[in-house]
Amino acid sequence: LQQALVNGDWSRFSMDTVRLMVNMFDRDRSGTIGFDEFVGLWRYIEDWKQCFRRFDADNSGTIDRNELFQALSAFGFRVSQRVVDSLLHKYDQQ
């Protein structure tokens, strides 16, 4: 699965992410992803890509502070800029 999927920058998904995806989509609990399960996973990833593109207003390939604030607001989260700054500080690797 890790070899079949890549991020937008052509890097591989981390093994932790791959394990999470297997756990989420392994409906028959076989420990593997069959074709139908993979189709579900692929749709899930495509849905998230569309969501990302919707909020990447400047088409930079990243979500900046203001775009993240807009996304959280659209999802119904009423957070302050301070909370957004805390999220970015904790999770933004760059």
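Before moving on, here are some points about what is shown:
- Number of positions in segment 6-21 that are open to solvent by less than 60 Å² (accessible area, probe 1.4 Å) and either among the acidic types (D, E) or touching a helix residue (DSSP H, G or I) at 6+ places or on another chain (Cβ under 8 Å) (or both): 2
- Residues in segment 1-21 that are in a loop (DSSP other than H, G, I, E, B) and either of a type in the set (F, W, Y) or touching a Phe, Trp or Tyr at 6+ places or on another chain (Cβ under 9 Å) (or both): L1, Q2, A4, L5, N7, G8, W10, F13.
The values are calculated or read from the model by the stated rules, or taken from the named source; none is laboratory data. Predicted model only: the values in this text are computed from it and were never measured. As a convention, Cβ positions derive from the backbone with ideal geometry for all residues, glycine included, and neighbour counts pool all protein chains shown. What goes into the accessible areas is simple: the full protein's heavy atoms, side chains included, and nothing from ligands, DNA or RNA. Shrake-Rupley method; radii C 1.70, N 1.55, O 1.52, S 1.80 Å.
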